[in-house]
1. Label point 7 Å out from residue 651 along Cα-to-Cβ: which residues of segment 590-611 have amide N under 18 Å?
2. I'd like the Karplus ³J(HN,Hα) series for segment 484-499: coefficients 6.51, -1.76, 1.60, θ = phi - 60°, whole numbers in Hz, and an x wherever there's a Gly or Pro.
3. For residue 256 paired with residue 48, estimate the spin-label separation in nm (one decimal), with each label point 7 Å from Cα along the Cα-to-Cβ line.
4. Could you tell me which of rounded, prolate or oblate describes segment 373-546, using a ≥ b ≥ c as the square roots of the eigenvalues of the alpha-carbon gyration tensor, with rounded for a/c under 1.5 and, failing that, prolate when a/b is larger than b/c and oblate otherwise?
5. Report the FRET efficiency, 1/(1 + (r/R0)^6), for residue 17 and residue 89, where r is their Cβ-Cβ distance and R0 is 22 Å, rounded to 0.05.
6. Set the Förster radius R0 to 22 Å, insert the Cβ-Cβ distance between residue 27 and residue 56 as r into 1/(1 + (r/R0)^6), and round the FRET efficiency to 0.05.
7. Going by how many other beta carbons lie within 10 Å of each one, how would you line up 342, 384, fewest first?
8. If neighbour count is taken as other Cβ atoms inside 10 Å, put 112, 371 in order from fewest to most.
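Bear in mind that the values in this text are calculations on the coordinates, not laboratory data. These numbers come from a predicted model, not from an experiment. Quick reminder, even Gly has a Cβ in these numbers, built from the backbone with ideal geometry, and neighbours come from all protein chains shown.
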Amino acid sequence: MRQYILGLVGPAHAFNLIRNASSKFTRSSQYQSRRLSDNSVEVLVTPNPGIEEKPFQCENRMGFFEAVCMMFNDNIPVIDHSECLFKGDRYCRYVISWKPSAADLWGKSRDISAFALTGACGAAAFWNPILTAQTLLPASVAVVAALAYKARTKENLELRRSLDNLFDSSDKLIEQMNINYSNSLMHNEIGQAISAPTEVDEILANVILVLENRLDFDRGMIMLANKEHDQLLFRTGFGYTSNQLQMLNSVAFHLDKPSSRGVFVVAFHEQRPFLIDDVQNLAGKLSQRSYSLIEKLGARSFICCPIICEGKSIGVLAVDNLKSKRQLQQSDVSLLMGIAPMLGISIRNADLLLTKERQFHSTLEVLAATIDARDPLTAGHSKMVTEYAVGICNTLNVSEEETERIRVAALLHDYGKIGVPDAILKKKGRLTEEEYEVVKTHASQTQSILEGIHFEGIYHNIPAIAAAHHESIDGSGYPLGLKGDDIPLGSLIIAVADFFEAITSMRHYRDPMPVGIAYKVLRQHSGTRFDSQIVEGFIRYHQKQQDPLHNIDPGPPLRVPLRTDVSLRTHSHATKGLSEDLSKSGMFVSVPEPVKEGALIKLHFSLPGVDSPPIEALAQVVWTNNSGNKAKPNFPTGNGLLFTEMEKPAEETLHNFIEQVESGILH
């Protein structure tokens, strides 16, 4: 604003253009201006139709007019407000007058002197022409020239100042345009970052990456409340050292304690942002623990904004500058407060989707369990078939989406047996031909029942996949006699998993078949009843689960117990877990949602009692414990990890730690 008005050279020019310029600043009134003299103008203000102004707006306008004049000189202008809307007049009339500028004064002195001296010289010429020509005229010219020079100098100075302000205004305008453009790109990128992912950790990882690349802050973090809403926990950040990240991961801000008065907690509860110019001002206002954390992080000033969704706080977004020393401004607060609601809505949607997904899967598991529960000998059949089917998918590198579709179809593949009488389903002897035909109807009944669920999205063809799990490659299967490529991939996979689980389990009419013989039977039907690649893929998977050499556990002497916090990050996912044990080649980490087998993970953890930097390593998921696949029943839900890459110093520290624990030096 200042540079814009100063670029108009003087107050008279500024007020002359106020009619057009005012529309950029206000839409409630129309301004008209008229120049009365070199140092006074008249401004008429008329409210637009339908607009009802308040008396304070008169005072605001007078303050604005004073500010315009004082941008050119330090003298307060005189404002005569003789007519006012709130006194019953048709408009507000302001007569603004100000002291003339130095250039104007010198210019007037020049003009007056020139006029006076010209008259003096003319009169003197009649009295004494020679003396006038020799002394008075040259002296008069010198005086006028000096005054003209002074007036021009002052005028040039004012023009130069005006040009400087114009250039400064242009530079600031370009700078602001760049900032606005960058902010627009940032909002667009954040929109893209939160639109596709459905997991909170992936959303946070994407958003924090955009903030790091687009915003002019050295560091930033996102903290979210836990499920109980009694703690505020660090979830992700940028710009922090490994030691600082480790410290943040170990800190929890209590939301349920009245004694907690940290800035993050207050911002969370009161739902308002804070701009702290100097953290030293917080000394004595925070608990010793909170202030100590700020000092360890090296923060000098920071901004903290609440993340709010549907009127409820769910976390905080904080940034600070450590290296650039750029002063944080209120505009930074406004920018972050514009980002925080987008983040809040996205997190809330992800939570709702996760809740819906859990409800969906738990419902499917209950449906599957109701069928298996009809007979104690078949209890858990659907669950084991599902585990085998997922194992085949992972072995054959089936896409994640297709694997999920097959998993659900495997859970429900026998649901049509709800229509088969118990007398046939639980018969201890061999079935008659008529009874077998009744059992075969469960495939088509499965499709009919599942079609009533209205599966959508990636699950839309689950009824067809589940119904075709008794079809054969050579066309001899049922219910439709499909063959070859006409049979869905999921059905072919479930067929192998279902057959193997059935023949290796106890039934009313026979004992379970040994695994080795079951492998041979599968291979006998390979290429006719079953797809040969799927058969071999299943055998590889099953042997791996049976063979201890495929596990990373090499035996008690090489493995030591270790419970320490571990940070895990894939290319699109970040989470935290707790280790259970450790060896020189790998470790087991319990996490709420295990990572897919075969995935590469970046690890970050510390060894207790060891004075060395945290261990950083790359690892591969080689086995998984989850609700549907307990590779190690005594272990919680999590992943078995094999170290694939580690710096030499970290590797030596790890080995020394294990040897010291084994020898009893460390406990």
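1. 601-605
2. Once θ is set to phi - 60°, the couplings for segment 484-499 become x, 5, 6, 8, x, 4, x, 5, 5, 5, 5, 4, 5, 4, 5, 5 Hz.
3. It is 5.3 nm.
4. Taking the square roots of the gyration eigenvalues as a ≥ b ≥ c, segment 373-546 is rounded.
5. Efficiency, from the Cβ-Cβ distance: 0.30.
6. 0.80
7. Values: 342 17, 384 20.
Neighbour counts put them in this order, fewest first: 342, 384.
8. Working: 112 11, 371 24.
In increasing order of surrounding Cβ atoms, one gets 112, 371.
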